[in-house]
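The values are calculated or read from the model by the stated rules, or taken from the named source; none is laboratory data. None of the values given here were measured: they were computed from a predicted structure. Cβ: placed from backbone, ideal geometry, glycine included. Neighbour counts: every protein chain shown. Please note that ligands, DNA and RNA were not included when accessible areas were found on the heavy atoms of the full protein model with its side chains. Shrake-Rupley method; radii C 1.70, N 1.55, O 1.52, S 1.80 Å.
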Amino acid sequence: MTLILAHRGYTAAYPENTMKAFTEASNAGADGLELDVQMTKDGELVVIHDEKVDRTTNGTGMVKDFNVKDLRRLDARFNNKTMTKKEPIPLLEEVLEWMSGTNLICNIELKNSIVPYAGMEEKVIALVRDYNLADRIIISSFNHYSIVYSYRVAPEIEIAPLLSEGLYMPWIYAQSIRAKGFHPHWRAAPDEIVKAALESGIEVRPYTVNKDAEMERLFKINCSALITDDPAKAIRIRNKIKTGLI
Ligand code: G3P
Ligand code: CA
């Protein structure tokens, strides 16, 4: 069965990378989450997509220049007008603690391609180990040096390279870095690439799959997982296929 991973949480309806987006993804029936990790000036891992807080909060400036205490005062509701309660930027620890009481899997994306956060891999690994989540976490990044390093430090935690463009035989590349899967942009995941990877025992989890036709295509070829902003829609389509309605 193709798993459904909620991209930055249930982003189609709630502010991205907030506890609300994660808990609502779980309530909607997602199999797992995808989230982005950056690091504060005082070395705390925080869940936010951009290097700057400007787009998703009421603050301005680089995450790396904030102490966690000040960063947590910001409101990450972004442009969501329906939520009355302030949503802080979550700590990675907060998400993992909550997740440990669920059956969800979680794809932690290390956002360290632009700011080379020293020690980020070790800190993520320490938290994953603290919460005994090694078998439910996949560490991914566009920074492939970082995921290879993560694997060296913690071979028990799965890694997956993010691929924004098509690659020649990406399953061979994944095997060469000891990744059990790869996460391509959906345009870089045509049927023949997904099928060849699966036949080689390599998982494929395309992002960010929001169009009905793309979801249907990936479900029908039994792709390992898809990463979507709209887990509720994905579940509806997966159920329709399962019951033969489409
Ligand atoms: O992990 C898949 C996807 O989230 C990568 O791109 O920019 O949404 O973090 P981005
Ligand atoms: Ca991401």
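Search region 1-10 for residues being part of a loop (DSSP other than H, G, I, E, B) and within 15 Å of ligand 2 (Cβ to nearest atom), and hand back the single one that is surrounded by the fewest Cβ atoms within 10 Å (Cβ to Cβ). First the steps, then the outcome.
So the first thing to find is which residues in region 1-10 are part of a loop (DSSP other than H, G, I, E, B), and the list is 1-2, 8-10.
If we keep only those that are within 15 Å of ligand 2 (Cβ to nearest atom) too, we end up with 8-10.
On the way: Arg8: 25, Gly9: 30, Tyr10: 27.
The qualifying residue surrounded by the fewest Cβ atoms within 10 Å (Cβ to Cβ) is Arg8.
So if I check each of Val194, Val209, which one is more than 30 Å from Gly119 (Cα to Cα), within 12 Å of ligand 1 (Cβ to nearest atom) and either surrounded by 15 or more Cβ atoms within 10 Å (Cβ to Cβ) or free of Cβ contacts under 8 Å to residues at least 40 places away in the same chain (or both)? Break it down into steps so the answer makes sense when it comes.
On the way: Val194 fails: within 12 Å of ligand 1 (Cβ to nearest atom).
So the residue among Val194, Val209 that is more than 30 Å from Gly119 (Cα to Cα), within 12 Å of ligand 1 (Cβ to nearest atom) and either surrounded by 15 or more Cβ atoms within 10 Å (Cβ to Cβ) or free of Cβ contacts under 8 Å to residues at least 40 places away in the same chain (or both) is Val209.
Name the helices (runs of 4 or more DSSP H) wholly inside region 11-121 in which the number of residues that are within 15 Å of ligand 2 (Cβ to nearest atom) is 2 or more. Write out each step before concluding.
Values: elements: 19-28, 68-71, 92-99.
The helices (runs of 4 or more DSSP H) meeting that bar are 19-28, 92-99.
With respect to the stated conditions, Phe219 is away from ligand 1 (no atom under 16 Å from the Cβ), surrounded by 15 or more Cβ atoms within 10 Å (Cβ to Cβ) and closer than 26 Å to Ser26 by Cα. Just to be sure, is Arg187 over 26 Å from Glu24 (Cβ atoms), touching a Pro at 6+ places or on another chain (Cβ under 9 Å), part of a helix (DSSP H, G or I) and open to solvent by 70 Å² or more (accessible area, probe 1.4 Å)? Answer is yes for this residue.
Yes or no, residue by residue, for (1) within 15 Å of Leu45 (Cα to Cα); (2) among the aromatic types (Phe, Trp, Tyr); (3) within 15 Å of ligand 1 (Cβ to nearest atom):
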position	(1), (2), (3)
Met99	no, no, no
Cys106	no, no, yes
Glu121	yes, no, no
His144	no, no, yes
Glu156	no, no, no
Ile159	no, no, yes
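Scoring Asp50 on the criteria (1) touching a Lys or Arg at 6+ places or on another chain (Cβ under 6 Å); (2) closer than 22 Å to His183 by Cβ leaves a single failure, condition (1).
This table checks each residue for (1) within 16 Å of ligand 1 (Cβ to nearest atom); (2) under 17 Å from Val115 (Cα atoms); (3) under 21 Å from the mean Cα position of the chain (by Cα).
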site: Asp31; (1), (2), (3): yes, no, yes
site: Val37; (1), (2), (3): yes, yes, yes
site: Lys41; (1), (2), (3): no, yes, no
site: Val46; (1), (2), (3): yes, yes, yes
site: Asp50; (1), (2), (3): yes, yes, yes
site: Arg73; (1), (2), (3): no, no, no
site: Phe78; (1), (2), (3): yes, no, yes
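Residues that are farther than 29 Å from Lys52 by Cβ, open to solvent by 30 Å² or more (accessible area, probe 1.4 Å) and among the acidic types (Asp, Glu) do not occur anywhere in region 161-175. Counting the residues of region 139-170 that are out of contact with any Leu (no Cβ under 6 Å at 6 or more places or on another chain) and outside any helix (DSSP H, G or I) gives 18.
Within region 122-135, residues that are more than 16 Å from Leu110 (Cβ to Cβ) sit with their Cβ atoms under 6 Å from residues that are of a type in the set (S, T, N, Q) and open to solvent by 30 Å² or more (accessible area, probe 1.4 Å), at 6+ positions apart or across chains, in these pairs: Tyr131/Ser100.
Looking across region 197-206, just one residue is open to solvent by 50 Å² or more (accessible area, probe 1.4 Å) and within 18 Å of Ile139 (Cβ to Cβ), and that is Glu203.
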